[in-house]
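Remarks on the structure that follows.
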Amino acid sequence: MTTARRPEERELPFNVFAKACPSRGTLEHVTGRWGALTLGALHEGPLRFNELRRRVDGVSEKMLSQTLHALERDGLVHREAQPTNPPRVDYELTPLGHEVARRLLSLIQCVEDSMDTVLQARERYDETRGAR
């Protein structure tokens with residue numbers, strides 16, 4: 001199944017807010033919990049599957065595998081299988097993956113830098129609305 005745009009659609013910009021736009025799926029892959037963490041971890045350099053799994057604390061083998069497949073399909077991650085015994089597979093970011101990861105890491109840094117404010121806001125919210 002191809003998702004290439006028809007010639008008459010090529011002049012139209014992608015619109016992530018449109019339900020049928022393919023950019024929405026990529027945004028979900030990138031901004032989902034495991035996608036963002038995987039891209040951030042790979043921004044540090046190529047990793048093998050188990051190294052990546054240890055780096056992204058809490059991800060299951062199945063979820064990491066699914067995440068890597070989605071990111072590879074979107075052209076953000078490159079998978080390199082080495083013909084060794086046992087087989088060695090390395091994952092690294094593509095140039096596009098590096099650009100997306102760089103921007104994600106800016107967002108991650110912003111969130112981490114703001115956590116004192118976030119925690120205070122949560123505390124105020126819980127005090128006024130009751131902890132849930």
Toward the positive end of the charge dipole of the stretch 23-122, about the Cα centre and with charges on Cβ (Lys, Arg +1; Asp, Glu -1), which of Leu27, Met63, Gln82 goes farthest?
Met63
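Restricting attention to the stretch 26-63, which GluC sites (Glu not before Pro) occupy a DSSP loop and are surrounded by at most 12 other Cβ atoms within 10 Å?
Listed in order of number, the matching sites are Glu44.
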Placing +1 at every Lys and Arg Cβ and -1 at every Asp and Glu Cβ, with all other atoms neutral, what dipole size does the chain have around its Cα centre, in debye to the nearest 20?
400
Accessible solvent surface per residue of the chain, calculated while the other protein chains remain in place, 1.4 angstrom probe, Å²:
75
The stretch 60-104: C-alpha gyration tensor shape, a/c 1.5 cut-off, then a/b vs b/c:
oblate
Given the protein chains as shown and a 1.4 Å probe, how many square angstrom of Arg103 are accessible, to the nearest 10?
150
As a test question: what accessible area, to the nearest 10 Å², does Lys62 have when a 1.4 Å probe is rolled over all protein chains in place?
140
On each of the three principal axes the extent of the alpha-carbon atoms of the stretch 35-77, given in whole Å and largest first, is 23, 22, 16
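The values are calculated or read from the model by the stated rules, or taken from the named source; none is laboratory data. The shown structure was predicted, so the numbers you read here are calculated from the model rather than taken from an experiment. Methodologically, a virtual Cβ is constructed for each residue, glycine included, from the backbone with ideal geometry; neighbour enumeration extends over all protein chains shown. Ligands, DNA and RNA are excluded from the accessible area calculation, which covers all protein heavy atoms including side chains. Shrake-Rupley method; radii C 1.70, N 1.55, O 1.52, S 1.80 Å.
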